[in-house]
């Protein structure tokens, strides 16, 4: 046991925590981290995603009461959990980084399980896979369906959570990519050559509140992933186009057969229906292609840049 603690203590790593409207639970989070500081050597990077409450002020007020180094970042606008995590990872200095949520559903004591696997196998990326999720039933169902859809596009995107250990080499490759990030796990898995999964406990929220993700945000997030972080729309259009082409070809053959063998005139209705169906399909496909082009244009014109409003480092 002492040998394990020595291995843990020797690791110099960073814990990245995206923070949103967490003023009433920050102290409990920092207290839980302090309990691990006697045996783990780490610094904490707290990224306030433009909270509506006084989360950033609470971070500044609380940081002096803890033994670990704290880095506090406040963003100038709300960019979402994944983009806020990306900003935190850009400031990592240690051998690896661990990402956790601000609601203590990932308890800091579970970090030991990830580090134990890291010391044993040295993988590029480790995910904490929940023994039992403590989200609501609707949230669990939505999360399951989203993961199944994403898995169709990339079979490595399985059992992903926001509780991760990321090796420095992956972070270096990740930092060199200037691509805007909406779904952070996609580039992480792309750059990671080896991935491990560890069973961890998923806790109930300490504040008793529901997730900061509303159902509207979850749906918007899911649509963003499906449209811009998977090939599903293009696959759908390709297959639908093939089916419709074969259907129209069959209808055309039928009318040609009627013309030559039954001497039936082609009607106005059949022409109009064919035009409207084919035109609608073309416009639908152009609409999705236009969204892809819009994203590329926004990226090239740096419209997705994230602005940091405040940045404070408190050394020990």
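Values for this structure:
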| quantity | calculated |
| --- | --- |
| Residue within region 60-76 that is within 26 Å of the chain's Cα centre (by Cα), surrounded by 23 or more Cβ atoms within 10 Å (Cβ to Cβ) and within 20 Å of residue 168 (Cβ to Cβ) present | yes |
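Yes/no matrix, rows are residues, columns are (1) in a helix (DSSP H, G or I); (2) at pLDDT 95 or above:
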| site | (1), (2) |
| --- | --- |
| 3 | yes, no |
| 39 | no, no |
| 56 | yes, yes |
| 87 | yes, no |
| 106 | no, no |
| 119 | yes, no |
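The values are calculated or read from the model by the stated rules, or taken from the named source; none is laboratory data. Owing to the predicted nature of the structure, the values given are computational and were not obtained by experimental measurement. As a convention, Cβ positions derive from the backbone with ideal geometry for all residues, glycine included, and neighbour counts pool all protein chains shown.
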